[in-house]
């Protein structure tokens, strides 16, 4: 069983991790850590996105390096409160790139697509 501290340590310094929903393939994505909670955001809004796949069935996994962690991908119950922390975590991880990206997207839409990756062994 992996602790949130061990997952945080794996994520530290990693620009990109991966996620998958169900039996789909892993896709690259930036995963951020806010005090032992893990989040991703949608930046492309296709009809068949990973975000919608998780909404339909939260069962999935995140992959950091060679480590695969079973997760549930869920909309956080405290989305409004947590978005401020997630914004800070993205800025800390991506620095200036994050602010440049923010110039090209609809902030409210992206914040609304924040998904929490809840490790199953911690449920």
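Taking 48, 20, 37 as the candidate residues, the one with maximal mean-square fluctuation in a Gaussian network model of the chain, Cα springs under 10 Å, is 48. Exposure proxy check: 24, 110 ranked by fewest other beta carbons within 10 Å? By the 10 Å Cβ count, ascending, the order reads 24, 110.
Working note: 222 nm ellipticity from helices only, DSSP H runs with n ≥ 4, each -39,500 (n - 2.57), summed and divided by the residues of the chain, gives -10000 deg cm²/dmol to the nearest 500.
Between residue 55 and residue 121, the FRET efficiency estimated from the beta carbon spacing at R0 = 22 angstrom works out to 0.45.
Looking at the chain, I'd like the Rg to Rh ratio, where Rg is from alpha-carbon atoms and Rh is Kirkwood's inverse mean 1/r.
0.93
Between residue 79 and residue 109, full extension at 0.36 nm per residue minus the direct alpha carbon distance yields a gain of 9.5 nm.
Label point of residue 47 set 7 angstrom out along Cα-Cβ; within region 21-39, no amide nitrogen lies under 11 Å from it.
Bear in mind these aren't lab numbers, they're just calculated from the coordinates by the rules spelled out. Worth saying up front: this structure is predicted, and the values here are computed from it rather than measured. Using ideal geometry, Cβ is built from the backbone for each residue, glycine included, and neighbour counts are taken over all protein chains shown.
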